1. On the basis of being in contact with a helix residue (DSSP H, G or I) (Cβ under 7 Å, 6 or more places away or on another chain), surrounded by 14 or more Cβ atoms within 10 Å (Cβ to Cβ) and either under 27 Å from Lys32 (Cβ atoms) or in contact (Cβ under 8 Å) with a residue 24 or more places away in the chain (or both), does Leu96 make the cut?
2. I'm told Pro15 meets every condition in (1) part of a loop (DSSP other than H, G, I, E, B); (2) surrounded by 11 or more Cβ atoms within 10 Å (Cβ to Cβ) except one. Can you identify the failing condition by its number?
3. Would you call Ile25 in a strand (DSSP E or B), modelled with pLDDT of 80 or more and surrounded by 11 or more Cβ atoms within 10 Å (Cβ to Cβ)?
4. Within the stretch 28-41, can you find the residues that are free of Cβ contacts under 8 Å to residues at least 40 places away in the same chain and either of a type in the set (A, V, I, L, M) or open to solvent by less than 100 Å² (accessible area, probe 1.4 Å) (or both)?
5. Among (1) touching an Asp or Glu at 6+ places or on another chain (Cβ under 9 Å); (2) of a type outside the set (A, V, I, L, M); (3) not in a loop (DSSP other than H, G, I, E, B), where does Gly39 come up short?
6. Quick check on my filter: what residues within the stretch 42-69 are surrounded by fewer than 18 Cβ atoms within 10 Å (Cβ to Cβ) and hydrophobic (A, V, I, L, M, F, W, C)?
7. Restricting to the stretch 70-93, count the residues that are surrounded by 13 or more Cβ atoms within 10 Å (Cβ to Cβ), of a type in the set (Phe, Trp, Tyr) and farther than 14 Å from Gly40 by Cα.
8. Residues that are closer than 17 Å to Pro15 by Cα, in contact with a strand residue (DSSP E or B) (Cβ under 9 Å, 6 or more places away or on another chain), in contact (Cβ under 8 Å) with a residue 12 or more places away in the chain and of a type in the set (Lys, Arg): does the stretch 49-72 have at least one?
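The values are calculated or read from the model by the stated rules, or taken from the named source; none is laboratory data. Not measured: the values here are computed from a predicted model. Note that each Cβ is placed from the backbone with ideal geometry, even for glycine, and that neighbours are counted across all protein chains shown. Surface areas here come from the heavy atoms of the whole protein model, side chains and all, with no ligands, DNA or RNA. Shrake-Rupley method; radii C 1.70, N 1.55, O 1.52, S 1.80 Å.
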Amino acid sequence: MGHIGEGPVCCAVNPACGRENIYGISPAVTMKNILIVGGGLAGMEVARVSAERGYKVTLCEKSDKLGGHLIAGGIPSFKINDRKLLAWYVRQLKLLA
């Protein structure tokens, strides 16, 4: 586990942070087609990890935008990091497509 100063490295969004050796993403042994219904944060994370493993991913979202509840939750000005997180996920999914 990684450490910064006295405490371990951790992240509320990425629980594998500092634990990459334990939770590393390994290549898929058998290729599969993965269907993910819902483009909120959880759906985007499943799509990202599945694509990184080499699966063919189809992500379905009923609205015209990815992000789920984070879209409305990110409206207040002090939620800039939520909006940045959403933009990061959208970019990562485009890069992995």
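1. On the way: in contact with a helix residue (DSSP H, G or I) (Cβ under 7 Å, 6 or more places away or on another chain): yes; surrounded by 14 or more Cβ atoms within 10 Å (Cβ to Cβ): no; either under 27 Å from Lys32 (Cβ atoms) or in contact (Cβ under 8 Å) with a residue 24 or more places away in the chain (or both): yes.
Considered against the rule, which asks whether it is in contact with a helix residue (DSSP H, G or I) (Cβ under 7 Å, 6 or more places away or on another chain), surrounded by 14 or more Cβ atoms within 10 Å (Cβ to Cβ) and either under 27 Å from Lys32 (Cβ atoms) or in contact (Cβ under 8 Å) with a residue 24 or more places away in the chain (or both), Leu96 comes out as no.
2. (2)
3. Working: in a strand (DSSP E or B): no; modelled with pLDDT of 80 or more: yes; surrounded by 11 or more Cβ atoms within 10 Å (Cβ to Cβ): yes.
No, not satisfied.
4. To start, the set of residues in the stretch 28-41 that are free of Cβ contacts under 8 Å to residues at least 40 places away in the same chain comprises 28-40.
Matches in the stretch 28-41: Ala28, Val29, Thr30, Met31, Ile34, Leu35, Ile36, Val37, Gly38, Gly39, Gly40.
5. Answer for Gly39: the failing condition is (3).
6. Residues satisfying the conditions are Ala42, Val46, Val49, Cys60.
7. Looking only at that region, the number is 0.
8. No, the stretch 49-72 has no match at all.
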